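*Asks:* Before anything else, here's the structure in question.
The values are calculated or read from the model by the stated rules, or taken from the named source; none is laboratory data. Remember, predicted model here, so these are calculated numbers, not experimental data. As a convention, Cβ positions derive from the backbone with ideal geometry for all residues, glycine included, and neighbour counts pool all protein chains shown.
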Amino acid sequence: MSLFEICQFIQDSKIGTDIRESIWVFPIIETVHVLGVAISVGLIMFLDLKLTGLGMRRIPAAHLMHRLKPWYMLGFGLMMISGALLFWSEAAKLYESFTFRMKVLFLVLAGLNALIFEILYTPRIASFETQGTPGGATVVGWCSLGFWAAVIGFGRWTAYGLS
Amino acid sequence: MDLLTVFTWFDKSWLGELIRNSTWAFAAIEVVHLFGLTVLLGTVTVVNLRLAGFGLRQQSAAEVAHDAMPWTYVGIVVTMASGFLLFVSEALKCYDSPPFFLKMGLLALSLMVTFAIQRRMANGSVEFSLVVGRLLATLTIALWFGVGLAGRAIAFF
């Protein structure tokens, strides 16, 4: 079974069809998706602003990372669950969409970027206040801002179907 | 001059025509609208979490509100400028859409509540008790979610 056939199977399932053909459910899930994105990316942005030196001067990076983590994870949860339901309803269409593939690519890049930060910099994030933000962490901050902007941009473009 | 005249003027303006007749403009402006929305909801969330006693608790409410303030402005300016362009390109459609007026009403209310609270937090002139803080934070977040839902509904009514 090819990946496309799997996507077609998912899209044709009862739940997929019900979501797609509903008047209310699809746009409500879509709204939850956008709000989930805005909250998770909006909160991660504060750490990125700190790392890049663009803002949040008085708040240590360690606090922005650890204190906000449960909340941006909550936003992530909303985003991923609502995103999975939207995908369910149009999996085959999305499989063929160039913009959706780009969105997934940048989502993976954003994830790898976060993983790099987690491995290299999270263990010594408390020292950023006294020793300054390492150059590498600043790069991670800029990449995060860029990758998430691309995810949002390609995501919106996907919804327009302007493949 | 009634509202319909104003909306018609926007709808027929060269700017409205330009955006409407372009293949990419509307979608591109909406992407910018989403960027602004992300920044705005991010700052509203950070500030209101602190107000409700969650999130950045090691800082004072004044510090959080103060550091977040420039980004609240950035979010609002980007969202409203792009939102205005979207409106101009379909002003007559908006005129016939009850959710559009609901969204504008909720938006005005959200802006007033957000700024009234965040400015007082930032200059430290008011200390909210935890109960009042939680009520205000819930109200603010609910108002902004209402703006989002009403905005989405414009496409349907």
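*Asks:* Against the definition (under 27 Å from B:Ile29 (Cα atoms), within 14 Å of chain B (Cβ to nearest Cβ), without any contact (Cβ under 8 Å) to a residue 60 or more places away in the chain and in contact with a Leu (Cβ under 7 Å, 6 or more places away or on another chain)), how does A:Gly146 come out, yes or no?
*Replies:* In short, no.
*Asks:* Scan A:Leu51, A:Leu3, A:Leu47 and give me the residue that is away from chain B (no Cβ under 14 Å) and modelled with pLDDT of 90 or more.
*Replies:* Just a single option satisfies the conditions, and that option is A:Leu51.
*Asks:* Within region B:55-72, track down each residue that is crowded, with 22+ Cβ neighbours inside 10 Å and outside any helix (DSSP H, G or I).
*Replies:* Correct list: B:Gly55, B:Leu56.
*Asks:* Between a first residue in region B:123-147 that is outside any helix (DSSP H, G or I) and a second residue that is aliphatic (A, V, I, L, M), which pairs have beta carbons less than 7 Å apart while being 6 or more apart in sequence or on different chains?
*Replies:* B:Gly124/B:Ala62; B:Phe128/B:Leu51; B:Phe128/B:Leu136
*Asks:* Identify, please: which residue in region B:44-54 is within 7 Å of chain A (Cβ to nearest Cβ) and buried (at least 24 other Cβ atoms within 10 Å of the Cβ) and is, among those, farthest from the chain's Cα centre (by Cα)?
*Replies:* Ranking the candidates gives B:Val46 first.
*Asks:* Given the options B:Ser89, B:Ser60, B:Ser82, name the one that is out of contact with any Cys (no Cβ under 8 Å at 6 or more places or on another chain) and more than 30 Å from B:Leu139 (Cβ to Cβ).
*Replies:* B:Ser89
*Asks:* When you scan region A:61-76, do you find a residue that is of a type outside the set (A, V, I, L, M, F, W, C), part of a helix (DSSP H, G or I), farther than 25 Å from B:Asn48 by Cβ and modelled with pLDDT under 95, even just one?
*Replies:* So far as region A:61-76 goes, no, none of its residues is of a type outside the set (A, V, I, L, M, F, W, C), part of a helix (DSSP H, G or I), farther than 25 Å from B:Asn48 by Cβ and modelled with pLDDT under 95.
*Asks:* So, B:Gly75, is that one closer than 23 Å to A:Tyr72 by Cβ, within 11 Å of another protein chain (Cβ to nearest Cβ) and outside any helix (DSSP H, G or I) or not?
*Replies:* So B:Gly75 does not fit the description; no.
*Asks:* While we're here: How many residues are facing chain B (nearest Cβ under 10 Å) and more than 11 Å from the chain's Cα centre (by Cα) when one looks only at region A:151-160?
*Replies:* Number satisfying all stated conditions: 6.
*Asks:* Something else: Among residues belonging to region A:20-48 that are more than 30 Å from A:Ala62 (Cα to Cα) and of a type in the set (D, E, K, R), point out the one that is surrounded by the fewest Cβ atoms within 10 Å (Cβ to Cβ).
*Replies:* Ranking the qualifying residues of region A:20-48, first place goes to A:Glu21.
*Asks:* Working only within region B:45-54, note down all residues that are in a loop (DSSP other than H, G, I, E, B) and touching a residue at least 12 places away in the same chain (Cβ under 8 Å).
*Replies:* B:Ala52, B:Gly53
*Asks:* What about A:Trp148, is it within 23 Å of the chain's Cα centre (by Cα), crowded, with 16+ Cβ neighbours inside 10 Å and in a helix (DSSP H, G or I)?
*Replies:* The answer is yes for A:Trp148.
*Asks:* Going through region A:11-51 one residue at a time, which ones are more than 23 Å from B:His33 (Cα to Cα) and of a type in the set (Ser, Thr, Tyr)?
*Replies:* Answer for region A:11-51, where residues must be more than 23 Å from B:His33 (Cα to Cα) and of a type in the set (Ser, Thr, Tyr): A:Ser13, A:Thr17, A:Ser22.
*Asks:* Of the residues A:Ile29, A:Ile59, A:Ile15, which single one is in contact with a helix residue (DSSP H, G or I) (Cβ under 8 Å, 6 or more places away or on another chain), of a type outside the set (S, T, N, Q) and closer than 30 Å to A:Val139 by Cα?
*Replies:* The conditions single out A:Ile59.
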